């Protein structure tokens with residue numbers, strides 16, 4: 001099991017189509033809701049979003065805030081606010097104030113829209129917001145919370161939303177839902193790996209051993225106590241990574257008949273433990289990467 005240095009790039013054809021459709025419909029929307037994953041607030045930020053949405057007013061929505069390392073993620077929130085953006089953070093499942101937070105963040109744009117139309121002798125109309133983000137960042141769950149019912153399908157994997165569609169929240173508020181998009185080439189492979197292990201890139205196209213190795217290494221770098229608590233790991237030697245897998249496998253019951261290790265099961269356990277928050281609240285980006 002030699003160290004896997006394969007670059008990760010995932011850009012299905014529908015993403016290029018989505019980008020074109022966003023640009024075609026951009027003149028129909030008043031505000032952008034840019035959704036980022038609180039556990040990777042830099043890696044999950046669309047790298048060329050400024051070119052994509054031009055000068056439209058923007059609210060950055062940090063989803064999955066309940067799953068992140070708040071001390072680290074708050075540094076990104078403060079940073080984006082310092083750039084002049086409106087930023088809100090939400091717990092998609094338990095936050096009772098999501099609708100209020102989003103509407104309050106949008107109120108200034110709605111007031112300007114209403115005043116502008118009034119000055120032109122036009123009737124008021126609903127605020128139209130474009131929801132955009134990388135795959136599996138929580139856009140569909142956010143929309144369902146805003147609607148108050150299941151308006152779009154959701155799933156803990158990328159590619160659930162297939163097409164652009166308008167969703168009416170109420171007479172004053174409409175959303176344009178978009179499929180998750182990435183960019184044609186992910187140059188920063190740390191960001192690519194973050195996107196991969198936190199489910200923004202389809203697991204089926206990736207090597208589970210590579211994902212497991214990355215999870216162990218970044219956890220050892222950033223949260224070593226969690227690995228010791230969960231698996232009994234006190235050090236990682238990438239030249240002998242199989243020893244680490246054996247330690248986890250023995251602790252978690254991955255031995256086959258005859259004492260052979262089921263490494264596929266070990267890899268699955270590591271990946272699922274991260275996905276299910278069993279390694280604790282994490283943030284894999286650091287503000288030093290931005291500044």
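Report whether or not residue 194 is surrounded by fewer than 18 Cβ atoms within 10 Å (Cβ to Cβ) and not assigned by TED's automatic domain parsing to the domain that holds residue 136. Don't jump to the end; show me each part of the working.
Working: surrounded by fewer than 18 Cβ atoms within 10 Å (Cβ to Cβ): no; not assigned by TED's automatic domain parsing to the domain that holds residue 136: yes.
No; evaluated as a whole, the condition is false for this residue.
If we scan the range 81-99, do we find a residue that is assigned to a helix (DSSP H, G or I) and modelled with pLDDT of 95 or more? If you could, list the steps in order and put the result at the bottom.
If we filter the range 81-99 for residues that are assigned to a helix (DSSP H, G or I), which is where we start, we get 81-82, 98-99.
Now narrow it down to the ones that are modelled with pLDDT of 95 or more: 81-82.
Yes, the range 81-99 has at least one match.
Considering each residue of the range 187-200, count those that are under 15 Å from the mean Cα position of the chain (by Cα) and not in a helix (DSSP H, G or I), and give that number.
Narrowing the range 187-200 to residues under 15 Å from the mean Cα position of the chain (by Cα): 190-200.
So of that shortlist, the ones also not in a helix (DSSP H, G or I) come out as 198-200.
So the count comes out to 3.
One residue is enough: does the range 21-29 have a residue meeting the conditions outside any helix (DSSP H, G or I), buried (at least 17 other Cβ atoms within 10 Å of the Cβ) and at pLDDT 90 or above?
At the first step, the residues of the range 21-29 found to be outside any helix (DSSP H, G or I) are 29.
Filter once more, keeping what is buried (at least 17 other Cβ atoms within 10 Å of the Cβ): 29.
Filter again for at pLDDT 90 or above, leaving 29.
Checking the range 21-29: at least one residue is outside any helix (DSSP H, G or I), buried (at least 17 other Cβ atoms within 10 Å of the Cβ) and at pLDDT 90 or above.
Among the listed residues 4, 51, 9, which satisfies the condition of being surrounded by fewer than 19 Cβ atoms within 10 Å (Cβ to Cβ) and at pLDDT 85 or above? Let's see the steps before the verdict.
Numbers: 4 fails: at pLDDT 85 or above; 9 fails: at pLDDT 85 or above.
Exactly one of 4, 51, 9 is surrounded by fewer than 19 Cβ atoms within 10 Å (Cβ to Cβ) and at pLDDT 85 or above, namely 51.
Which residue is farthest from residue 74 (Cα to Cα), if the candidates are limited to the range 264-279 and must be part of a loop (DSSP other than H, G, I, E, B) and more than 17 Å from the chain's Cα centre (by Cα)? First the steps, then the outcome.
Of all residues in the range 264-279, those part of a loop (DSSP other than H, G, I, E, B) come to 276-279.
Narrowing further to those that are more than 17 Å from the chain's Cα centre (by Cα): 278-279.
On the way: 278: 22, 279: 20 Å.
That would be 278.
Only one residue in 202, 257, 275 is closer than 23 Å to residue 71 by Cβ and at pLDDT below 95, so which one is that? Quick ask: steps written out before the conclusion?
Details: 202 fails: closer than 23 Å to residue 71 by Cβ; 257 fails: closer than 23 Å to residue 71 by Cβ.
Step by step, each of 202, 257, 275 is checked, and only 275 is closer than 23 Å to residue 71 by Cβ and at pLDDT below 95.
In the range 179-191, which residues are within 19 Å of residue 59 (Cα to Cα) and surrounded by fewer than 21 Cβ atoms within 10 Å (Cβ to Cβ)?
Correct list: empty.
Just to check your reading of the model, which residue among 248, 218, 169 is at pLDDT 90 or above and touching a helix residue (DSSP H, G or I) at 6+ places or on another chain (Cβ under 6 Å)? Give the derivation first.
Working: 218 fails: touching a helix residue (DSSP H, G or I) at 6+ places or on another chain (Cβ under 6 Å); 169 fails: at pLDDT 90 or above.
Of the residues listed, the single one that is at pLDDT 90 or above and touching a helix residue (DSSP H, G or I) at 6+ places or on another chain (Cβ under 6 Å) is 248.
Is it the case that residue 211 is surrounded by 15 or more Cβ atoms within 10 Å (Cβ to Cβ), in a strand (DSSP E or B), touching a residue at least 12 places away in the same chain (Cβ under 8 Å) and in contact with a helix residue (DSSP H, G or I) (Cβ under 7 Å, 6 or more places away or on another chain)? It would help to see each step written out before you state the result.
Values: surrounded by 15 or more Cβ atoms within 10 Å (Cβ to Cβ): yes; in a strand (DSSP E or B): no; touching a residue at least 12 places away in the same chain (Cβ under 8 Å): yes; in contact with a helix residue (DSSP H, G or I) (Cβ under 7 Å, 6 or more places away or on another chain): yes.
Judged against the criteria, residue 211 is not a match.
The values are calculated or read from the model by the stated rules, or taken from the named source; none is laboratory data. Keep in mind that what you see is a predicted model, and the values were worked out from it rather than measured. When we count neighbours, we look across all protein chains shown, and the Cβ atoms used for this are built from the backbone with ideal geometry, even at glycine.
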